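The values are calculated or read from the model by the stated rules, or taken from the named source; none is laboratory data. Keep in mind that what you see is a predicted model, and the values were worked out from it rather than measured. When we count neighbours, we look across all protein chains shown, and the Cβ atoms used for this are built from the backbone with ideal geometry, even at glycine.
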Amino acid sequence: MDKDIKREAGRQYLRYFRFWFIAIGILILAVAVLGMLKRNAGSVPRTNSEAPAERVYDYADVLDDGEEEELRRYIAKAEEKLQIDIVLVTINQSVEGEEAMSKYGLRSRSWEQNMQDIADDFWDDNQFGYNRGFEGDGVLLMHNWYPGQNGEHLSTSGSVEREFSLGDIDSVLYAVDDYYDTDPCRAYKAYVDEVGRLMDSSLELPFSWGTVFILPVIIAAIYAVSGSSQNKARNTVAVNAYVAGGKPEIHDKTDELIRKNVVTRRIETSSSQSKGSRSSGGGGHHRSSSGASHGGGSHRH
Amino acid sequence: MPVELTGERVGSMGKKGNGKMFFRCKNCGGNVVYSPERHGMYCPFCESGESGERAEGQSGALTVCPNCGGEVPVQEHTSAAQCPYCDSYLIFNERVEGSYRPKMLIPFQLGKESCKRSIRDKFRSCLFAPTDFLSEARLNDMEGIYVPYWFYDYDTDCTFEGEGTKVRSWRSGNVEYTETSVYAVRRNMAISFEKIPVDASLQMPDEVMDLIAPFQYAQLTDFDPKYMSGFHGEKYNMTSDLVENRARGLMKEDAGKLLRESYAGYAGVKTVNENIRVKESRAEYGLLPVWKYLYRYKDQDYPFYVNGQTGKIVGTAPFSKTKFMVYVGTLWGCMTVLLALLQVLLGLL
């Protein structure tokens, strides 16, 4: 008898969860097939041969030779994976005010504008870009170490420009900001890492892993509560169920007014309306002096 | 606690006390029973209808089956029982005759199969009930019982005196007016209550019997022992005066509600005087049909009662902790795996 009950319990269990198990099986198969297809798709070879091989331009001389070499290797590895050019430029020059304008032929007095122009021009002049030399895929970080004008500008191009929002640009610059004053090499590695994290399209997850683990707990809790609840029997005997003819015989039904009183109250009214306004920022897209499209943003310390 | 009648106890029932009857098929000799589905007598062996003839068994003790001679478990108030050996349904004459003769009964309208379906339908959504709770084998143990009831009639005179308040508000410009009117409320009504049922069985829980109501009295019919063939039954365990307080309680509750309904519409009513006077009362004895399913799980009894006329079910399904853990755990696991796989799949696309 116990064996029969256990067998029946097993049958009920499988019957109850059969659709879940089938769905999981199908999904496992789909993930395996897609994973294999994605793996076999391979990487796209670099098609831009115009650009120099150098990626680390330490004009400000904040890195020693060992660090430069380490960064070159680090960037090369990331470029191969992400299929974009990643360039680092450090400078140590004034890019603000009249003197800088006349000395370097800059078009503006503004630090932000000039940092953007210099970075964009550096990219365009060297014809960087993974796939082509004009508006090719890649990113350039220009860090100015000039005293009083310390800050970075990130110039994006091609696929990176399309992919990066202003928030993403900020995120990269903040990654650099965290370490630049204590360990520049680590700061620039953080730049590469953050670009890599934001550009890694191999697995763009539609929802967070927190959702994956918390949502089932909530649903299981609801399921547990609803499955445990029972509709208890209620008293359904009508009040007149046992009354002959279904209703009483009324002999007297008197409602006699005894007294009445009226209370008045004055209502105070007031009205006020407030209007708020919100402003939204613009994008980081612009054209460089060579006419190429760039995105970007700056952080000044 | 019901007392099981022994051989010696039978003697105390008196000389005429050991008579039993059962309905035998004229065609095949099998035990003919009352079929709720067919609304008539039916032989389950040869499937002939209305072929039963009353067979009397006077010899032997009350507990001896007149058909096969087997020992039938008979308790103090049992008026109908089934022989565990030949499965014949026996009716004990002296417990359905004389002062124990019911004046009326409602025959079973719901057969065992319909009752099983009702129970399955009601408890199908109880996911964590034990596996065999709704199994055919367990549900087959269900018994149809004619439960003894006292039916009370009351002719009452109900009066009410009180103060009712009505409140009305309106607004004119920047002034809000609130008018409060107080009325003297007087009601007098005659209410005739008919057949307020109170079970007269010690083994049937009162609150369950109250919940299993109402019964439709249109199907009340004069008592005939043939309706008991195929079912278990009891004679009343208590006389009408012992259970009347319950009927009076129900009557007063309903009369009070009807009085309150008559002065509904007031924002508030203060009672000055309320009086429910019984002018005349009567009590009659009858039987009402109830199916009982007793499920035992982890040394605990879970009784279920089904109104044998309307199908209303009273009872709480048992809860299997193991099943709960396995099912909730599996659902959680499946959901997590499914979402994780979906996450990866959508990421790959």
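A few remarks follow.
- None of B:PHE215, B:PHE160 is touching a residue at least 60 places away in the same chain (Cβ under 8 Å) and within 13 Å of the chain's Cα centre (by Cα) except B:PHE215.
- If the condition is being of a type in the set (A, V, I, L, M, F, W, C), at the interface with chain B (Cβ under 7 Å from one of its Cβ atoms) and either more than 30 Å from the chain's Cα centre (by Cα) or surrounded by 14 or more Cβ atoms within 10 Å (Cβ to Cβ) (or both), then region A:212-239 contributes A:VAL212, A:PHE213, A:LEU215, A:ILE219, A:ALA220, A:ALA224, A:ALA233, A:VAL237, A:VAL239.
- Where a residue in region A:245-265 is at the interface with another protein chain (Cβ under 7 Å from one of its Cβ atoms) and its partner, wherever it lies, is surrounded by 11 or more Cβ atoms within 10 Å (Cβ to Cβ) and part of a loop (DSSP other than H, G, I, E, B), with Cβ under 9 Å and at least six apart: A:PRO248/A:ASN240; A:LYS253/B:TYR263; A:ASP255/B:TYR263
- B:LEU341 vs. criteria free of Cβ contacts under 8 Å to residues at least 12 places away in the same chain, within 26 Å of B:LYS122 (Cα to Cα), of a type in the set (A, V, I, L, M) and crowded, with 18+ Cβ neighbours inside 10 Å: no
- Which listed residue is more than 14 Å from every other protein chain (Cβ to nearest Cβ), in contact with a helix residue (DSSP H, G or I) (Cβ under 9 Å, 6 or more places away or on another chain) and surrounded by 14 or more Cβ atoms within 10 Å (Cβ to Cβ), from A:TYR180, A:TYR242: A:TYR180
- Where B:GLU274 falls short, out of the listed (1) farther than 30 Å from B:ASP222 by Cα; (2) part of a helix (DSSP H, G or I): (2)
- Residues considered: A:LEU63, A:LEU29. Of these, the only one that is within 30 Å of B:VAL337 (Cα to Cα) and either within 12 Å of chain B (Cβ to nearest Cβ) or more than 29 Å from the chain's Cα centre (by Cα) (or both) is A:LEU29.
- Residues in region A:80-123 that are on the phi < 0 side of the Ramachandran plot and of a type in the set (Gly, Ala, Ser): A:SER94, A:ALA100, A:SER102, A:SER108, A:SER110, A:ALA119.
- Some residue of region A:68-75 being part of a helix (DSSP H, G or I) and surrounded by fewer than 13 Cβ atoms within 10 Å (Cβ to Cβ): yes
- B:SER114 vs. criteria surrounded by fewer than 19 Cβ atoms within 10 Å (Cβ to Cβ) and within 14 Å of chain A (Cβ to nearest Cβ): no
- Residue in region B:286-295 that is surrounded by fewer than 20 Cβ atoms within 10 Å (Cβ to Cβ), more than 30 Å from B:LYS226 (Cα to Cα) and more than 7 Å from chain A (Cβ to nearest Cβ) present: no
- Candidates B:MET251, B:MET325, B:MET335, filtered to the one that is within 23 Å of the chain's Cα centre (by Cα) and within 13 Å of chain A (Cβ to nearest Cβ): B:MET251
- Residue match in region B:13-23 (condition: more than 25 Å from the chain's Cα centre (by Cα), more than 21 Å from B:LEU287 (Cβ to Cβ) and modelled with pLDDT of 85 or more): no
- Only a single criterion out of (1) part of a strand (DSSP E or B); (2) of a type outside the set (D, E, K, R); (3) surrounded by fewer than 23 Cβ atoms within 10 Å (Cβ to Cβ) is not satisfied by A:HIS153, namely (3).
- Checklist (1) more than 30 Å from B:PHE319 (Cα to Cα); (2) not in a helix (DSSP H, G or I) applied to B:ILE145, failing item: (1)
- Of the residues making up region A:78-107, those that are part of a loop (DSSP other than H, G, I, E, B) and either closer than 19 Å to A:ASN150 by Cβ or touching a Pro at 6+ places or on another chain (Cβ under 7 Å) (or both) number 6.
- Within region B:25-44, the set of residues being farther than 29 Å from B:THR310 by Cβ and out of contact with any Lys or Arg (no Cβ under 8 Å at 6 or more places or on another chain) comprises B:CYS25, B:LYS26, B:ASN27, B:CYS28, B:GLY29.
- Residue within region B:149-159 that is in contact with a His (Cβ under 9 Å, 6 or more places away or on another chain), closer than 21 Å to B:ASP224 by Cβ and hydrophobic (A, V, I, L, M, F, W, C) present: no
- Residue ID - nearest to the other protein chains (Cβ to nearest Cβ), chosen from residues in region B:296-322 that are charged (D, E, K, R) and more than 20 Å from B:ASP206 (Cα to Cα): B:LYS321
- Inside region B:68-95, residues that are in a loop (DSSP other than H, G, I, E, B) and either without any contact (Cβ under 8 Å) to a residue 60 or more places away in the chain or under 20 Å from the mean Cα position of the chain (by Cα) (or both) make up a count of 10.
- Leading residue by the ranking (surrounded by the most Cβ atoms within 10 Å (Cβ to Cβ)) among those in region A:108-142 that are over 30 Å from A:ASP200 (Cβ atoms) and free of Cβ contacts under 8 Å to residues at least 40 places away in the same chain: A:ASN114
- If the condition is being more than 17 Å from A:SER288 (Cα to Cα), in contact with a helix residue (DSSP H, G or I) (Cβ under 6 Å, 6 or more places away or on another chain) and hydrophobic (A, V, I, L, M, F, W, C), then region A:132-175 contributes A:VAL172, A:ALA175.
- Across region B:172-221, the qualifying residues are those that are facing chain A (nearest Cβ under 7 Å) and hydroxyl-bearing (Ser, Thr, Tyr), and the one among them that is nearest to B:GLY162 (Cα to Cα) is B:TYR183.
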